[in-house]
Amino acid sequence: MARTGSDGSAPTAEKLKLPRTIALVGLMGAGKSCIGRRLAAALELPFVDADKEIEAAAGCSVQDIFTEHGEAAFRAGERRVIARLLDQPTVILATGGGAFMDADTRALIRERAISVWLRADLDLLLRRTGRRNTRPLLKRGDPRQILSDLIEQRHPVYAEADVVVDSVDGPPEMTLARVTESIRSYLENHDAAGQDLSGGRSAAQ
Ligand code: S3P
């Protein structure tokens, strides 16, 4: 399906040929599922939401896994499910915000996927996560403080992603266009195994 860039430029997304799964990483509210779904539609690839797969495997919601079994059990399930998903043909994969913080999962994503960090600032994350009350981590106290602490802990790790894109406070198509262009630039500068051909990391943002 053809999509037009936010600036009205020619359709771009459908021209991308992905050698590996795209793993979207970033904090809760960064837009991983929203952008992932649109990217998958544009590239005519399946979209997979890791949290939904974890829920299907566990037979209950993420919230219930946290409440009834604890965060450690959720993280173990998350690690297993993402490993399984990365063992399958190319998809657009939205990971939960904590997934890339796990060293094993991060190594697997590095090996088998192209990681895209959707970076967003505190106010945007707070606004977006405020729309749904389904995230157990944000129920542990003041959401602004929690997200601010998570930014401090996690942003340096998310920064290891292959591609970094700022999530825009506007129509999803704007962020989608940035993601598409950034992946295109990454693919131009890396071979199919992810080896850098340009002498530097993908500069696309
Ligand atoms: C989490 C993020 C959530 C979900 C769980 C834990 C995290 O996913 O996996 O509540 O640790 O940041 P989203 O990032 O899709 O909200």
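Summary table below
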| read-out | value |
| --- | --- |
| Residue within the stretch 31-49 that is closer than 26 Å to residue 121 by Cβ, polar (S, T, N, Q) and touching a residue at least 12 places away in the same chain (Cβ under 8 Å) present | yes |
| Residue check for residue 59: at pLDDT 95 or above and crowded, with 22+ Cβ neighbours inside 10 Å | no |
| Residues (open to solvent by 40 Å² or more (accessible area, probe 1.4 Å) and within 11 Å of the ligand (Cβ to nearest atom)) located in the stretch 34-52 | 34, 51, 52 |
| Odd one out for residue 133 among (1) in contact (Cβ under 8 Å) with a residue 40 or more places away in the chain; (2) touching a Lys or Arg at 6+ places or on another chain (Cβ under 8 Å) | (1) |
| Residues within the stretch 118-153 that are within 24 Å of residue 163 (Cα to Cα) and within 12 Å of the ligand (Cβ to nearest atom), tallied | 10 |
| Residue satisfying condition, being under 14 Å from the mean Cα position of the chain (by Cα) and among the acidic types (Asp, Glu), within set 121, 64, 51 | 51 |
| Filtered residue count, the stretch 122-143, keeping only those that are assigned to a loop (DSSP other than H, G, I, E, B) and surrounded by fewer than 13 Cβ atoms within 10 Å (Cβ to Cβ) | 7 |
| Top-ranked residue in the stretch 95-107 [being part of a helix (DSSP H, G or I) and buried (at least 19 other Cβ atoms within 10 Å of the Cβ); ranked as farthest from the ligand (Cβ to nearest atom)] | 106 |
| Failed condition for residue 72, given (1) open to solvent by less than 60 Å² (accessible area, probe 1.4 Å); (2) of a type in the set (A, V, I, L, M, F, W, C); (3) in a helix (DSSP H, G or I) | (1) |
| Tally of residues being part of a helix (DSSP H, G or I), closer than 16 Å to residue 96 by Cα and either near the ligand (Cβ under 10 Å from one of its atoms) or not aliphatic (A, V, I, L, M) (or both) across the stretch 53-69 | 8 |
| Tabulated pairs, the stretch 139-162, first closer than 15 Å to residue 103 by Cα and of a type in the set (Lys, Arg), second at pLDDT 95 or above and open to solvent by less than 30 Å² (accessible area, probe 1.4 Å), C-beta under 7 angstrom, 6+ apart or interchain | 154/27 |
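Per-residue answers, yes or no, for (1) at pLDDT 95 or above; (2) open to solvent by 30 Å² or more (accessible area, probe 1.4 Å); (3) of a type in the set (A, V, I, L, M):
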| position | (1), (2), (3) |
| --- | --- |
| 157 | yes, no, yes |
| 163 | yes, no, yes |
| 168 | no, no, yes |
| 172 | yes, yes, no |
| 181 | yes, yes, no |
| 188 | no, yes, no |
| 195 | no, yes, no |
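The values are calculated or read from the model by the stated rules, or taken from the named source; none is laboratory data. Just so you know, these numbers come straight off a predicted model, no measurement behind them. Because the Cβ atoms are built from the backbone with ideal geometry, glycine has one as well, and the counts that use them run over all protein chains shown. Protein only, heavy atoms only, side chains kept; ligands, DNA and RNA dropped before computing areas. Shrake-Rupley method; radii C 1.70, N 1.55, O 1.52, S 1.80 Å.
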